[in-house]
Amino acid sequence: MSSLVLGIESSCDETGVALVRTREHGVPELLAHALHSQVAMHADYGGVVPELASRDHIRRLIPLANQVLAQAGQALSAIDIVAFTRGPGLAGALLVGAGVACALGAALGRPVLGVHHLEGHLLSPFLSQDPPEFPFVALLVSGGHTQLMRVDGVGRYALLGETIDDAAGEAFDKSAKLLGLGYPGGPALARLAEFGDATAFALPRPLLHSGDLDFSFAGLKTAVLTQARKLEHQPCELQRADLAASTQAAIVEVLVKKSLKALTQTGLLRLVVAGGVGANQRLREQLNAACAVRGVRVHYPELALCTDNGAMIALAAAMRVQAGIEAPRSDYAFDVRPRWPLHELAAA
Ligand code: KG4
Ligand code: ZN
């Protein structure tokens, strides 16, 4: 018997809602998803303002839920399970999603499931045209996380390495800010980098030869700061583009080399790339080229599902339920986990 799962994402600056149907076998089916990005609202402040984010999630969630129900041609009463992002993320923003999910669950008399945001990212490539198979190495690169994981199945995640300071997305965002680019910085820096020479500035590749699978991006940010200050005295658009391209090249090189190392170390021939930075075209090109010569298959989420969205939350809940790992709860006593390491998500 299949279940209709409503997924709610509200951990940061995107409000996402989706409807997914579980299947007896195979990947759950995505029926509809809708997203509202708060980017324009936060742009004036140069970054996400948590209080504004929470208030906007409150405004958007119910209309988005109605939108996906209409798109899928489903009635509210047809929902079997309500899933929401329990963490990690901004506490206030998470509480909005948790509150709405539990209120809906209680009103409908349906159980509720709290989902790990990174598990959503990790499983999102299963909704692509070219879904992966277990086991695989996952490179999770978002605004808050940079991790390499070994994934053996739903809920079976082993941490191989992670950043000891800034996340890759943070490195993009902070460098973009130093270059006078707006928020969100990652896509803006990538766009400027298209016009630059990636070899123009010799920037550090921190921990590239550390022998382990950890990352560090704080030193890179300092190096970019030093170069950006020099450019302030002789403003030249081309040099800014060169610095953007060199920064992107440094981040991408570290991500690619460490991913290859993780593949060698685990002996696996499949790589899944997830999280917002996974939308970066340069990263995709370099990973594809490096993996092709090693016979490694690389899987990405659809571009629209790379950054935060409700589909990945509904999907992760549906895959957990399908795998029999977790039963949704019916007590509606919700809590959120703003800090929640993925490897603490043990399969029952
Ligand atoms: O996964 P995500 O939407 O949110 C978090 O869970 O953090 O990732 C957002 C991050 C931001 O740091 C953003 O700048 C970065 O992903 N990002 C990119 C690109 N698109 C989004 N970074 C580099 N190139 C891109 N094209
Ligand atoms: Zn995310």
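The values are calculated or read from the model by the stated rules, or taken from the named source; none is laboratory data. Remember, predicted model here, so these are calculated numbers, not experimental data. No Cβ is skipped: glycine too gets one built from the backbone with ideal geometry, and neighbour counts run over all protein chains shown. Accessible surface areas use protein heavy atoms only, side chains included; no ligands, DNA or RNA. Shrake-Rupley method; radii C 1.70, N 1.55, O 1.52, S 1.80 Å.
Residues that are in contact (Cβ under 8 Å) with a residue 60 or more places away in the chain and crowded, with 16+ Cβ neighbours inside 10 Å are absent from the range 52-59. Out of all the residues in the range 22-30, is one or more in contact (Cβ under 8 Å) with a residue 12 or more places away in the chain, part of a strand (DSSP E or B) and under 21 Å from His116 (Cα atoms)? Yes; the residues of the range 22-30 include at least one that is in contact (Cβ under 8 Å) with a residue 12 or more places away in the chain, part of a strand (DSSP E or B) and under 21 Å from His116 (Cα atoms).
Of all residues in the range 74-123, those satisfying the criterion of being closer than 12 Å to Asp335 by Cα, of a type in the set (Gly, Ala, Ser) and open to solvent by 10 Å² or more (accessible area, probe 1.4 Å) are Ala91, Gly92, Gly99, Gly114.
Does Ala176 fit the bill of being on the phi < 0 side of the Ramachandran plot and within 16 Å of ligand 2 (Cβ to nearest atom)? First the steps, then the outcome.
Details: on the phi < 0 side of the Ramachandran plot: yes; within 16 Å of ligand 2 (Cβ to nearest atom): no.
No: the conditions fail for Ala176.
With respect to (1) within 16 Å of ligand 1 (Cβ to nearest atom); (2) within 15 Å of Pro125 (Cβ to Cβ), the lone exception for Gln281 is condition (2). Remark: Pro204 falls outside the filter, which requires a residue to be over 21 Å from Arg297 (Cα atoms), within 14 Å of ligand 1 (Cβ to nearest atom), in contact (Cβ under 8 Å) with a residue 40 or more places away in the chain and open to solvent by 40 Å² or more (accessible area, probe 1.4 Å).
Just to verify a result, which residue in the range 180-232, among those that are within 16 Å of ligand 2 (Cβ to nearest atom) and not in a loop (DSSP other than H, G, I, E, B), is farthest from Gln281 (Cα to Cα)? Steps first, please.
Of the range 180-232, the ones within 16 Å of ligand 2 (Cβ to nearest atom) are 183-187.
The next check asks that each one be not in a loop (DSSP other than H, G, I, E, B); those that pass are 185-187.
Details: Gly185: 15, Gly186: 11, Pro187: 10 Å.
If we take residues in the range 180-232 being within 16 Å of ligand 2 (Cβ to nearest atom) and not in a loop (DSSP other than H, G, I, E, B), then Gly185 is farthest from Gln281 (Cα to Cα).
In the range 288-309, the residues that are of a type in the set (A, V, I, L, M, F, W, C) form Cβ pairs under 7 Å with partners that are within 11 Å of ligand 2 (Cβ to nearest atom), at six or more places apart or across chains, as follows: Leu305/Ser124; Leu305/Met312; Cys306/Gly276; Cys306/Gly278.
Residue-wise test of (1) farther than 26 Å from His116 by Cα; (2) under 19 Å from the mean Cα position of the chain (by Cα); (3) of a type in the set (Lys, Arg).
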residue	(1), (2), (3)
Lys230	yes, no, yes
Cys236	yes, no, no
Ala241	yes, no, no
Gln248	yes, yes, no
Ser259	no, yes, no
Gln265	yes, no, no
Gly278	no, yes, no
Asn288	yes, no, no
Val296	yes, no, no
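Of the residues Arg320, Arg294, Arg329, which single one is among the charged types (D, E, K, R), in the same structural domain as Asp166 (by TED's automatic domain parsing) and more than 16 Å from ligand 2 (Cβ to nearest atom)? Talk me through it step by step, then tell me what you get.
Numbers: Arg320 fails: in the same structural domain as Asp166 (by TED's automatic domain parsing); Arg329 fails: in the same structural domain as Asp166 (by TED's automatic domain parsing).
Answer to the check: Arg294.
Please indicate, with yes or no, whether at least one residue in the range 179-196 is open to solvent by 20 Å² or more (accessible area, probe 1.4 Å), away from ligand 1 (no atom under 14 Å from the Cβ), of a type outside the set (Asp, Glu) and modelled with pLDDT under 95. Yes.
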